[in-house]
Amino acid sequence: MSQMQNVEKQLREMILGLEVGPGERLTERWIESRFGASRTPVRAALLRLETEGLVCRDGRGWTVSPINLAKLEQIAVYREAVEVAALGLTCALEDRSAVDVVEAMLDSCDASTPREEWHRVGMDFHIELARLSGNEFLFRAVRDAMTRLSRARWLEVRDEAALGRAWAEHHAILAAVRAGVADKAARLLSAHITGSRDRLVMSLHNDRRGLRARGFAVVAA
């Protein structure tokens, strides 16, 4: 792994894990010191993270991108288009047995599972479901969208009721895919995405004051 890739990987993990919070300023000098890297690889890593929407320029420096409620709504529209398209391809497959692997992934979570793992599996459900379609472009689109949503979803994972609802909806979607009923699967997935969006945006909007107190920047537009 190159120095640039190492900085990119570790800084991405810190941002997605909220070790550095939304709105927090980043300096190239701090990153160089933190990861023992030189300036050129650090700048290249920041440029890569900028394309993922995880950091943004702030004058001559950088800032961890704030959580933007308007963009969360836009991502939901994008997700619905690409995920439903991928789901249609999967439902058309003669062999849909790979759905069992995705279901086993969901079933691996129980009351003793750490919240970090619930978060990861919830993200991976959508990514792996898109992968089953066999369309590399749809898969990458879903993976990118889920990366952009990761921090906001991590803040929501504290809500046990929301987790239980999401898992029930995931299982219902998989049952429709396994049966090859594309219309039903698409309807369930669309309702899941829009419902999740509405709950997430409302939760973050209502908790903006508490999030600001923790140093997290949440903006409405």
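The values are calculated or read from the model by the stated rules, or taken from the named source; none is laboratory data. This is a predicted model, so every value here is computed, not measured. Positions of Cβ are generated from backbone atoms using ideal geometry, with glycine treated the same way; all protein chains shown enter the neighbour counts. The area values use the complete protein model at the heavy-atom level, side chains included, leaving out ligands, DNA and RNA. Shrake-Rupley method; radii C 1.70, N 1.55, O 1.52, S 1.80 Å.
Could the peptides 4-17, 110-123 be put in order, highest first, of the mean number of other beta-carbon atoms found within 10 Å of their residues? List each step's numbers first, then the result.
Details: 4-17: 17.6, 110-123: 13.5.
Ranked by mean Cβ neighbours within 10 Å, highest first: 4-17, 110-123.
Leaving out ligands and nucleic acids, note down the accessible area per residue over segment 68-207 with a 1.4 angstrom probe, in whole Å². Intermediate results must be reported in sequence, preceding the final value.
Numbers: 6790 Å² over 140 residues.
Result: 48 Å² of accessible area for each residue.
Sum up the charges of everything whose Cβ sits under 14 Å from the Cβ of Ala176, counting Lys and Arg as +1 and Asp and Glu as -1, but leave Ala176 out. The partial results should precede the final answer.
On the way: positive: Arg96, Arg178, Lys184, Arg187; negative: Glu83, Glu103, Glu169, Asp183.
Around Ala176, the surrounding residues sum to 0.
Rolling a 1.4 angstrom probe over the protein heavy atoms, how many square angstrom per residue are accessible across segment 3-65? Let's see the in-between values first.
Values: 3290 Å² over 63 residues.
That works out to 52 Å² for each residue.
Could you compute how much accessible surface Cys109 exposes when probed at 1.4 Å, giving the result in Å² to the nearest 10?
Cys109 exposes around 20 Å² with every protein chain in place.
Tell me, what % of the accessible area of segment 81-152 is carbon and sulfur with a 1.4 angstrom probe?
Numbers: 1840 of 3420 Å².
Carbon plus sulfur share of accessible area: 54 percent.
Over segment 3-65, what percent of the accessible surface lies on carbon and sulfur atoms, probe 1.4 Å? Display every interim value, and only then the final one.
Details: 1480 of 3290 Å².
That share works out to 45 percent.
Which far-off residues, 5 or more places away or on another chain, put their amide H under 5 Å from the one on Trp62, with H placed in the peptide plane?
Sorted by chain and number, the residues that satisfy this are Leu26.
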